[in-house]
There are 2 protein chains.
Amino acid sequence: MQLGNASLKFVNPPRIISAASLVGQKEGEGPLGAYFDKIERDPFLGKQNWEEAESEIQKQVAKLALEKGRIQKDKVRYLFAGDLLGQLIATSFGTMDLEIPMFGLYGACSTMGESMSLGAMTVAAGYGDYVLALTSSHFASAEKQFRYPLEYGNQRPFSATWTVTGGGCVLIGKEGGIAQITGITTGKMIDFGVKDSMNMGAAMAPAAADTISQHFRDFSVDQNYYDKIITGDLGYVGQKILCDIMNDRNQDITNIHMDCGIEIFDQEKQDTHAGGSGCGCSAATLCSYILNQIEKKVWKKVLFVPTGALLSTVSYNEGQSIPGIAHGVVIEAI
Amino acid sequence: MQLGNASLKFVNPPRIISAASLVGQKEGEGPLGAYFDKIERDPFLGKQNWEEAESEIQKQVAKLALEKGRIQKDKVRYLFAGDLLGQLIATSFGTMDLEIPMFGLYGACSTMGESMSLGAMTVAAGYGDYVLALTSSHFASAEKQFRYPLEYGNQRPFSATWTVTGGGCVLIGKEGGIAQITGITTGKMIDFGVKDSMNMGAAMAPAAADTISQHFRDFSVDQNYYDKIITGDLGYVGQKILCDIMNDRNQDITNIHMDCGIEIFDQEKQDTHAGGSGCGCSAATLCSYILNQIEKKVWKKVLFVPTGALLSTVSYNEGQSIPGIAHGVVIEAI
């Protein structure tokens with residue numbers, strides 16, 4: 001059912017049947033370490049290069065989500081997947097063996113929200129009994145693509161985030177499962193003119209604010225309706241900006257706001273500056289800690305809002321700003 | 001309605017309300033020149049660089065499709081769009097002013113098939129009254145991203161294709177319009193191990209064959225059912241491989257096969273070697289010549305199969321092959 005200008009409410013909410021997460025050693029040593037399905041100590045995951053390592057993350061979380069859901073891959077109708085790398089090479093090479101009809105997505109670090117939105121729409125419409133929503137990131141493949149070679153050892157400003165090595169996959173179906181997707185609010189491209197590639201939180205916060213306020217309008221709810229509103233990877237800098245914008249709109253979310261980028265690392269001990277980032281940040285946090293809390297009914301209503309900054313070295317070097325996008329997914333306890 | 005393993009048949013087929021195309025001068029001088037809505041003689045489209053020029057293509061075809069369909073942009077529920085460039089910068093910057101909730105897609109040159117598939121699914125499910133499906137490519141931004149700087153003046157082998165400067169946009173809705181989308185067959189990643197980045201036709205032909213054969217199985221039809229089966233940008237080399245594979249399967253499509261990459265340029269006069277390519281190749285050809293023929297009922301049943309090669313300079317330089325994907329969309333006269 002269409003709500004407002006940018007939202008859907010599902011009359012028969014699709015279910016999250018199972019979820020799987022895999023992270024690297026650093027993430028495993030962070031505050032959420034106990035919640036992840038797999039912690040991989042080899043940053044190459046036994047492969048030859050960083051991109052193949054990231055593909056291996058996607059392959060493993062997809063396999064594990066299917067195993068946990070006890071569903072064979074040939075029962076899965078569609079795969080909605082993407083990653084941060086140009087031409088989605090982590091996804092292309094990571095998901096080939098699944099042999100599932102695929103829609104490749106690019107929403108930067110908002111990809112988990114985008115893939116779950118389209119996956120839920122697909123299942124709710126009866127287009128498939130099961131679909132997979134999947135994404136990943138890798139610290140080293142992202143640094144290589146977007147910033148400096150690791151060997152260069154560049155200094156990182158305090159506004160910079162640390163790309164999470166990890167991935168998450170949810171299996172979405174019609175019945176049973178651990179949680180339900182009751183609605184979505186799809187984001188627009190938002191550009192506040194931020195041009196600092198070492199401050200992605202500032203680039204994404206206005207997009208998160210836009211999607212959350214749009215969601216409140218479309219669903220006729222406010223911040224009191226949710227146990228948690230969880231953004232993807234704004235980090236400490238972006239969180240402050242988001243809460244300031246929301247306060248200016250008399251929508252104070254300070255008490256219920258949580259950011260996966262803040263949760264996944266220990267800022268003091270792990271030297272991660274503004275927090276974690278990357279598609280894998282919100283995906284791995286959702287598929288471990290967040291869904292665990294929802295399944296246990298610690299949180300009954302969660303607005304999950306992965307945030308993406310459309311950073312490209314090409315447009316950045318041409319003097320363009322970094323626009324953001326954020327996709328909202330309402331996840332509720334069963 | 002789900003059909004077979006990878007297809008949907010729409011009980012109430014969504015309509016293509018309107019379509020718009022824009023191409024560069026070279027494409028305008030080709031055999032289809034008279035069919036395009038706009039031919040732009042300035043390769044920069046008045047902008048500062050190739051990427052901004054490509055963004056301008058997306059902006060203009062989206063605006064024109066809305067004008068031709070007489071629909072205001074605020075009536076459009078979702079935008080399904082993408083392009084060839086890393087992090088979809090042509091789309092990100094080109095569609096921002098539309099302020100439409102957006103799903104960013106990456107399917108390489110198959111993007112028009114991917115965006116129309118998801119757009120048709122969305123409208124058929126009642127999730128939106130109108131959606132836009134949009135993509136583009138630009139010869140110079142693609143050469144810069146994937147091959148050599150233009151200034152290098154490299155020689156191109158005869159198996160190479162020429163990336164089309166152009167774009168296409170369709171407005172999909174429930175009623176009226178110029179054609180209907182009656183079904184889709186969604187492609188899988190297919191890798192036959194092709195490693196020659198100057199022979200994309202060979203990389204994509206097995207994916208096209210896979211999707212077409214899957215479509216025949218799912219819909220219980222054969223090559224005699226269609227007036228045309230139209231691939232995206234296989235070019236002369238890929239067409240031969242596709243027809244050979246299909247012949248081996250006793251599915252001879254030679255007489256009804258057409259390839260946008262072959263149609264859009266005059267091979268002898270325009271020095272384009274194996275043909276045209278790029279997301280804009282199939283998009284601009286669909287939104288001009290193909291839909292014109294369907295609207296006039298010259299062709300009543302068309303299987304439109306844009307083809308994509310998941311080429312990345314990173315994975316290519318790491319010795320990986322180039323996998324392909326192809327998305328089938330059944331377009332019928334009203």
Of the residues in region A:224-257, those that are within 21 Å of A:Ser288 (Cα to Cα) and not in a helix (DSSP H, G or I) come to A:Tyr226, A:Asp227, A:Lys228, A:Ile229, A:Ile230, A:Thr231, A:Gly232, A:Asp233, A:Leu234, A:Ile256, A:His257
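Residue-wise test of (1) within 19 Å of the chain's Cα centre (by Cα); (2) among the aromatic types (Phe, Trp, Tyr).
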position	(1), (2)
B:Leu3	no, no
B:Phe10	no, yes
B:Gly24	yes, no
B:Glu27	yes, no
B:Pro31	yes, no
B:Tyr35	yes, yes
B:Lys38	yes, no
B:Arg41	no, no
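In region A:268-283, how many residues are over 18 Å from A:Met204 (Cβ atoms) and either open to solvent by 50 Å² or more (accessible area, probe 1.4 Å) or not polar (S, T, N, Q) (or both)?
3
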In region B:285-322, residue surrounded by the most Cβ atoms within 10 Å (Cβ to Cβ) [restricted to those that are in contact with a strand residue (DSSP E or B) (Cβ under 6 Å, 6 or more places away or on another chain) and assigned to a loop (DSSP other than H, G, I, E, B)]:
B:Ile322
Tell me which residues, restricted to region B:190-223, are in contact with a helix residue (DSSP H, G or I) (Cβ under 9 Å, 6 or more places away or on another chain), modelled with pLDDT of 95 or more and part of a loop (DSSP other than H, G, I, E, B).
B:Val221, B:Asp222
Residue check, A:Lys59 basic (Lys, Arg) and either surrounded by 24 or more Cβ atoms within 10 Å (Cβ to Cβ) or outside any loop (DSSP other than H, G, I, E, B) (or both):
yes
Tally of residues being at positive phi and open to solvent by 50 Å² or more (accessible area, probe 1.4 Å) across region B:121-156:
1
Here is a check on your reading of the model: is A:Glu99 within 12 Å of another protein chain (Cβ to nearest Cβ), closer than 24 Å to A:Pro14 by Cα and surrounded by fewer than 23 Cβ atoms within 10 Å (Cβ to Cβ)?
yes
Residues that are closer than 22 Å to B:Ala124 by Cα, touching a Ser or Thr at 6+ places or on another chain (Cβ under 7 Å) and of a type outside the set (A, V, I, L, M, F, W, C), drawn from region A:121-179:
A:Gly128
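Give the residue, chosen from A:Gly28, A:Gly82, that is buried (at least 18 other Cβ atoms within 10 Å of the Cβ) and more than 11 Å from every other protein chain (Cβ to nearest Cβ).
The unique qualifying residue is A:Gly28.
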Hits in region B:86-96 (condition: among the hydrophobic types (A, V, I, L, M, F, W, C) and more than 7 Å from every other protein chain (Cβ to nearest Cβ))
B:Ala90
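Test of understanding: among A:Ala34, A:Ala62, A:Ala6, which residue is within 11 Å of chain B (Cβ to nearest Cβ) and out of contact with any His (no Cβ under 6 Å at 6 or more places or on another chain)?
A:Ala6 is the lone residue from the list that is within 11 Å of chain B (Cβ to nearest Cβ) and out of contact with any His (no Cβ under 6 Å at 6 or more places or on another chain).
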Given the conditions (1) of a type outside the set (Val, Ile, Thr); (2) at the interface with chain B (Cβ under 9 Å from one of its Cβ atoms); (3) assigned to a helix (DSSP H, G or I); (4) within 18 Å of A:Cys287 (Cβ to Cβ), every one holds for A:Glu51 apart from (4)
Examine region B:279-301 for a residue that is within 13 Å of chain A (Cβ to nearest Cβ) and closer than 30 Å to A:Gly94 by Cβ, and state whether such a residue exists.
yes
Residue satisfying condition, being facing chain A (nearest Cβ under 7 Å) and in contact (Cβ under 8 Å) with a residue 40 or more places away in the chain, within set B:Met121, B:Met112:
B:Met121
Taking region A:177-190 as the search range and keeping residues that are over 12 Å from A:Ala326 (Cα atoms) and open to solvent by 30 Å² or more (accessible area, probe 1.4 Å), which one is farthest from the chain's Cα centre (by Cα)?
A:Gly177
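The values are calculated or read from the model by the stated rules, or taken from the named source; none is laboratory data. If you're wondering where the values come from, they're calculated on a predicted model, not measured in any experiment. For neighbour counting, all protein chains shown are included, and Cβ atoms are generated from backbone atoms with ideal geometry for every residue, glycine included. Accessible surface areas use protein heavy atoms only, side chains included; no ligands, DNA or RNA. Shrake-Rupley method; radii C 1.70, N 1.55, O 1.52, S 1.80 Å.
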